[in-house]
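Laboratory data are not the source of any read-out in this text; all were calculated from the coordinates shown. Given the structure is predicted, the values throughout are model-derived calculations rather than measurements. So basically every Cβ, Gly included, is an ideal-geometry build from the backbone, and we count neighbours across all protein chains shown.
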Amino acid sequence: MTNPASIGQPLDRVDGPLKVSGRATYAAEHAFDQPPLVGWIVEATIPAGRIKHLDTRAAENSTGVVAVLTHHNSAMQTPFGEPGDEGRFTQSRAMLFDDHIRYHGFGDRSWRYSMLVKNGTIEKMFIEPDKPGDPFGVSDADTMLHYIKPDVTLPARVSLFSKPGCPHCTRAKTLLQSKGYKYEEIMLGAAGLSYSTLQAVTGRGTTPQIFIDGQLIGGADELEALMATR
């Protein structure tokens, strides 16, 4: 960073109050005539270089593909890393801007680290290793939490696929609440989610389908059997 004046300066984030209050509307939450498209990023397999040629014909002819975006046909963007923005959050991180591979397909990355500060003194830092890609193995919140409290028990992460008017979904949610589990509800019919989504993710076609800490538990009956052991 060559602009030390950036350090400590207040930077307003326009959507900040909406995000922290849960009122921010994300792209997929807007109502459209058609379901939103799902994009898939294909990264470079080398840490740095130049793209000499791109052959997208096979991808463009694949079933369900609407468009293949590259630096040849993507929208105009502010050039990557304008000097006047150096060190600020407004600095451009243009994607699909040119044929440069700046860092493993994504351009220069912000270095990930976490820091524990007590009374103005740095007690502990977890810094990601200098290796290709975007490592995120030691700077996460869980690592810091286990450093501060080694015997901490993390709350279970629960997601539940449901649909409107589903009595078994209501039974599963009531059971989770009675056991003190917080959960994320993924409602079919919202934001383009369908039975195809349910089957692709869970391999099943009925609701509810409950995941706990990344493991598919199943429906309300399976959840009830599991909760009986806890």
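The figures follow:
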read-out	value
Over 23 Å between alpha carbons, listed pairs Lys124/Lys149; Lys52/Lys131; Lys19/Lys179	Lys52/Lys131; Lys19/Lys179
Point-to-point label distance, Arg112-Val42, nm (Cα→Cβ direction, 7 Å offset)	2.5 nm
At most 10 other Cβ within 10 Å, DSSP loop - chymotrypsin sites (Phe, Trp or Tyr not before Pro), the stretch 127-180	Phe136
Qualifying trypsin sites (Lys or Arg not before Pro) for the stretch 25-57 [loop in DSSP, other Cβ within 10 Å: at most 13]	Lys52
Spin-label model distance (nm) - Thr153 vs Glu123, 7 Å beyond Cα toward Cβ	2.4 nm
With 10 Å bins from 0: P(r) over the stretch 148-229, alpha-carbon pairs, percent	18, 51, 23, 7, 1
